[in-house]
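Right, one structure below, let's go through it.
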């Protein structure tokens with residue numbers, strides 16, 4: 001009836017400390033007890049990301065591929081189910097993943113393949129990102145249209161227009177891959193699309209546009225090095241409580257507390273048609289809201305052989321993108337939750353009426369049974385309406401990058417993470433060989 005997050009109490013702090021193997025061990029041990037079959041997507045995502053951070057790239061791809069296959073199988077089933085989707089609540093359903101998880105697992109599969117020196121497979125994964133972004137809005141538009149024309153609704157759910165259709169990070173990786181294969185025209189096209197992210201998606205790319213990677217090597221005597229860094233952790237979920245008040249067949253929605261107006265506005269509706277509803281009953285439900293965990297890092301410095309060569313620029317906010325894509329599914333989630341909760345409360349009130357009628361001739365004993373049974377029904381309905389707070393825990397929050405030329409050779413690479421004047425961490429990447437033809441990609445991360 002509730003989301004169990006006990007496996008994250010120790011594993012998340014371990015990952016933030018850079019102890020990825022230890023964090024993965026906790027997740028592996030929790031497979032049967034905390035995940036199970038209905039949470040297999042979550043298990044694969046959590047373990048796939050931890051394997052990536054620990055450098056187990058083949059194992060990471062194995063887990064992320066399993067997550068991708070399961071997400072594809074479960075998406076339509078999990079989103080389009082109506083009132084009968086779960087007798088208890090959405091926690092009883094298979095977890096089909098958030099849209100940003102489905103998109104970014106391909107990004108990290110691409111990075112895994114680059115580390116495994118399989119450039120062609122990495123290119124396939126980058127193309128998968130673009131395909132998924134192209135169809136993202138259309139599939140929700142279709143589902144909401146079907147929902148609004150169903151017997152459960154009278155067209156009250158509004159489609160949230162998707163404002164994320166182009167990932168600068170995926171384009172950046174695409175440029176590097178095409179360039180390493182001397183596919184100059186494809187590299188130029190990806191670079192152009194990358195630049196357009198700041199023009200067409202300003203609400204997601206609200207920071208200054210960084211210097212873009214070159215589409216073609218200009219100086220044949222030097223090598224281009226690219227550093228991509230990840231910091232922080234992606235959003236988690238908290239529960240918002242909404243109150244429903246019935247006035248005939250219409251249930252009016254209200255909530256109390258901080259950000260009330262913003263949250264109600266984000267739903268796109270404040271009332272919902274519910275069949276067989278009766279006036280005068282009041283109930284409450286919960287639905288999930290994304291909450292940023294963000295990053296403490298505000299500056300990242302790259303050093304070669306102890307000398308500072310560049311400072312990374314912000315490239316993408318996975319945090320902002322997660323929030324944006326979450327809004328597309330939210331109307332369906334909330335609508336389904338309200339209708340299911342209203343149906344349970346209607347059934348509860350009808351049940352109470354039947355009990356009162358059957359026990360009215362049984363004196364004080366009948367009255368006592370009626371009170372106790374009615375209270376038990378009230379407790380059951382309240383206890384079963386809990387928000388589904390499942391979400392993967394180990395994606396990053398912020399993405400940083402920079403490109404710079406150096407002479408071919410071997411260098412000792414370090415990446416410094418700063419918060420203000422405080423040096424938080426130095427990632428020592430050891431000796432790295434830099435060649436004119438290679439992608440020369442250094443991936444660094446600090447999940448704080």
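Just a few scattered comments:
- Of all residues in the stretch 404-444, those that are in a strand (DSSP E or B) and closer than 25 Å to residue 105 by Cβ total 8.
- Note on the stretch 35-54: residues that are surrounded by fewer than 17 Cβ atoms within 10 Å (Cβ to Cβ) and part of a loop (DSSP other than H, G, I, E, B) amount to 1.
- The stretch 326-342 residues that are at negative phi and crowded, with 22+ Cβ neighbours inside 10 Å, paired with ones that are in a helix (DSSP H, G or I) and modelled with pLDDT of 75 or more (beta carbon under 8 Å, 6 or more apart): 328/99; 328/136; 336/90; 337/90
- Residue 32 within 18 Å of residue 390 (Cβ to Cβ), in contact (Cβ under 8 Å) with a residue 60 or more places away in the chain and not in a loop (DSSP other than H, G, I, E, B): no
- Counting residues in the stretch 384-397 that are touching a strand residue (DSSP E or B) at 6+ places or on another chain (Cβ under 9 Å), more than 22 Å from residue 171 (Cβ to Cβ), modelled with pLDDT under 90 and part of a helix (DSSP H, G or I) gives zero.
- Test: residue 238 is touching a residue at least 60 places away in the same chain (Cβ under 8 Å), outside any loop (DSSP other than H, G, I, E, B), in contact with a strand residue (DSSP E or B) (Cβ under 9 Å, 6 or more places away or on another chain) and surrounded by fewer than 19 Cβ atoms within 10 Å (Cβ to Cβ): yes
- Of the residues making up the stretch 284-316, not one is more than 29 Å from the chain's Cα centre (by Cα), surrounded by fewer than 16 Cβ atoms within 10 Å (Cβ to Cβ), on the phi < 0 side of the Ramachandran plot and in contact (Cβ under 8 Å) with a residue 60 or more places away in the chain.
- Test result for residue 206, closer than 30 Å to residue 425 by Cβ, crowded, with 21+ Cβ neighbours inside 10 Å and within 26 Å of the chain's Cα centre (by Cα): no
The values are calculated or read from the model by the stated rules, or taken from the named source; none is laboratory data. Everything quoted here is computed from the prediction, not taken from an experiment. Glycine gets a Cβ as well: all are built from the backbone with ideal geometry, and neighbour counts include every protein chain shown.
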